[in-house]
Amino acid sequence: MVAASRLLFSDGVGLAGYTGPAALLRADGGVIIANAGAASVADALGMGTEGQLHPSLAGAIRSGNFTSAAITFDASAGESLAGVTFDFTVLPIVKGETALVIGRDTALESAFRGALTESRQRYKELVDICGDFCWETDAAGRFAFVSPGGALDYAADALVHHDPVEFFDPLLRDMDGSPFTARSPVNCVDVWFRRADGHYACLETSARPIDEKSATSRAARGVCRDVTAYRGDQEALGRVQIRDRLIAHVMRTIRDEVEPDKMLGAAAQALYQAMAAQGCRVYRDIPGQGLVAAAEYGAAWPADEVIAGVLLQAKRDGRPFSAQHGSQSVLCVATSYRQEGNGALVIWRAVGDGGWSAEEGSLAGDVGVQLGVAIQQIRNQLALEILSRTDTLTGLLNRRAFTAELEARINRSASGTAGSLFYVDLDNFKPVNDILGHQKGDEALIAVAEMLVRSTRPGDLVARLGGDEFALWLDRTDEDAAKQRAMDMLDGASCLEPYSSDPARPLGVSIGVAVSYPGVTEGLDGLMARADAAMYGVKNNGKAGYIVAASPDDKDHNEKQALSA
């Protein structure tokens, strides 16, 4: 037997290559032969030291019986073995004297067993948390089992033996492929299921058929999770995202437009499309005029009195206001900037398309806030344009704006009708400033501006070129009409008498007129030079009169003039 055991430890035979400890031992601990794995536990077991063999092994060898012993090493065995458990199998060779001892490290097995136990527990916990309840239906499709805790405030018994369809939202009872009777695996299908209190819950349902081979069985099993709150949060987030995208789109549309009128027009179109409306109109609050339509898009405009009513209500309240009139539902939002109203937004659609919800009102309110900023930007831009084009004292066009506009006008008159350019210069204005002061002089200039405006028609150009020089352009005014206008201005100049500093040097006007004739090619500079020369001709001839400059093709260049009496 000893010889046979020695053979087991020879090179190329099983125990020599066994990774665990294996040794042929005497009862007193003497080692007859051992493999390499035994060296790691030899000291801890007292192997090779007479009388020091571990009691469990020594006793097993002396018993002469086939047995096993589990030995857990303590700290004295060294850091690498502390806490490690070995199962030793003792095979008697010479009864009561020698035995073959083979050890097996159970650490891996214990860890695996513990992990398996833990994983089973975790699996159970996951099953519990992945679904609010588990269920099973029978071959007829009725609940055969529901988790003992019940579901949606129902006791389990209240659901068992009932067809799940009984609890569906009535609008979904005819749905195809109910997951509770699934004929193939389904995952995360939403089903609206009535709670015990009558409200509906959204159940995310996963199911598997119990017998996929059966053509008639409707039996299935699965798990349901109440995701009502989660779906509500998703919808709310979706609405917020839609609102943010809409506002960003409207503001991007406004930002990409440079011209003020096009800014609001683009915003009206964007809102019309986003709100599924019949039409949209944006109003600006213009001082002295009130709310004036600035942009619109769509069709089927509500009656003016309806619009007026909702605008008035929205302006009073400051909150989104909706009203129904006939077949239309109208939503109105007042716009503001720094708590000061500056316009309004009106959207309408057919009543059949649904009234305006609180969410849509809130969305329109958010857009209205952005439009309020945009309207203020437009107001500021227009104010800057007015400042850049007008004379700050009189409110008339300044030289730059007048010249630019005049060039466009004479180009039109050259191909159509005659037009006339008037240069007006004050007589004896310097003494007004020197004697009465500059404030009186400014008042005189304002009076001249008002007189010139009264002497013209809507659409005519009136400008202050600088100092006491003024200019006018009158469309569709030939030479005869120009003379009449000049005489009217000379008569109107009587309003300047209160501003004269000296009766001997009354404040008056000298007028030079240049007529732009159809078919006559003359540039802007030439026309202005003729009017200026005619005006100075009046100055040199005693002032307080007018001269009509000769036509540019008049070779004699004789001035046509008529001085006032």
(request) Mind checking which strands (runs of 3 or more DSSP E) fall wholly inside the range 1-82 and carry at least 2 residues that are surrounded by fewer than 18 Cβ atoms within 10 Å (Cβ to Cβ) and of a type outside the set (K, R)? (result) 31-34, 67-72
(request) Go through the range 278-335 residue by residue and tally those that are outside any strand (DSSP E or B), over 22 Å from G352 (Cα atoms) and touching a strand residue (DSSP E or B) at 6+ places or on another chain (Cβ under 6 Å). (result) 5
(request) Determine if the range 25-35 includes at least one residue that is within 15 Å of G103 (Cα to Cα) and out of contact with any strand residue (DSSP E or B) (no Cβ under 7 Å at 6 or more places or on another chain). (result) no
(message) Based on this model, can you work out whether V448 counts as in contact (Cβ under 8 Å) with a residue 24 or more places away in the chain, buried (at least 19 other Cβ atoms within 10 Å of the Cβ) and in a helix (DSSP H, G or I)?
(response) yes
(request) Go over the candidates L426, L371 one by one and state the one that is touching a residue at least 60 places away in the same chain (Cβ under 8 Å) and within 30 Å of E479 (Cβ to Cβ). (result) L426
(message) Every residue in the range 45-77 that is farther than 19 Å from L100 by Cα, of a type in the set (G, A, S) and in contact with a helix residue (DSSP H, G or I) (Cβ under 7 Å, 6 or more places away or on another chain), please.
(response) A77
(message) Please go through (1) more than 24 Å from A295 (Cα to Cα); (2) of a type in the set (S, T, Y); (3) touching a residue at least 40 places away in the same chain (Cβ under 8 Å); (4) not assigned by TED's automatic domain parsing to the domain that holds A531 for T403 and return the number of the only condition it doesn't satisfy.
(response) (4)
(request) Collect the residues in the range 513-533 that are among the hydroxyl-bearing types (S, T, Y) and not in a strand (DSSP E or B), keeping them in residue-number order. (result) Y517, T521
(request) Taking E212 as meeting all but one of (1) touching a residue at least 24 places away in the same chain (Cβ under 8 Å); (2) touching a helix residue (DSSP H, G or I) at 6+ places or on another chain (Cβ under 8 Å), write down the number of the exception. (result) (2)
(request) Assess whether A383 counts as being under 41 Å from the mean Cα position of the chain (by Cα), free of Cβ contacts under 8 Å to residues at least 60 places away in the same chain and loosely packed, with under 15 Cβ neighbours inside 10 Å. (result) yes
(message) Of the conditions (1) at pLDDT 95 or above; (2) over 19 Å from T390 (Cβ atoms), L436 satisfies every one except a single condition; which number is it?
(response) (1)
(message) Can you pull out every residue in the range 490-505 that is free of Cβ contacts under 8 Å to residues at least 12 places away in the same chain and among the small types (G, A, S)?
(response) S494, A504
(message) Against the conditions (1) out of contact with any helix residue (DSSP H, G or I) (no Cβ under 7 Å at 6 or more places or on another chain); (2) in contact (Cβ under 8 Å) with a residue 24 or more places away in the chain; (3) surrounded by fewer than 16 Cβ atoms within 10 Å (Cβ to Cβ), where does K483 fall short? Just the number, please.
(response) (3)
(message) Being assigned to a loop (DSSP other than H, G, I, E, B) and under 34 Å from the mean Cα position of the chain (by Cα) is the filter here; which residues of the range 192-220 pass it?
(response) H199
(request) Determine which member of the set L345, L371, L421, L363 is assigned by TED's automatic domain parsing to the domain that holds L527, buried (at least 18 other Cβ atoms within 10 Å of the Cβ) and not basic (K, R). (result) L421
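The values are calculated or read from the model by the stated rules, or taken from the named source; none is laboratory data. Nothing here was measured: the structure is a model prediction, and the numbers come from that model. Ideal geometry is used to build each Cβ from the backbone, glycine not excepted, and the neighbour counts take in all protein chains shown.
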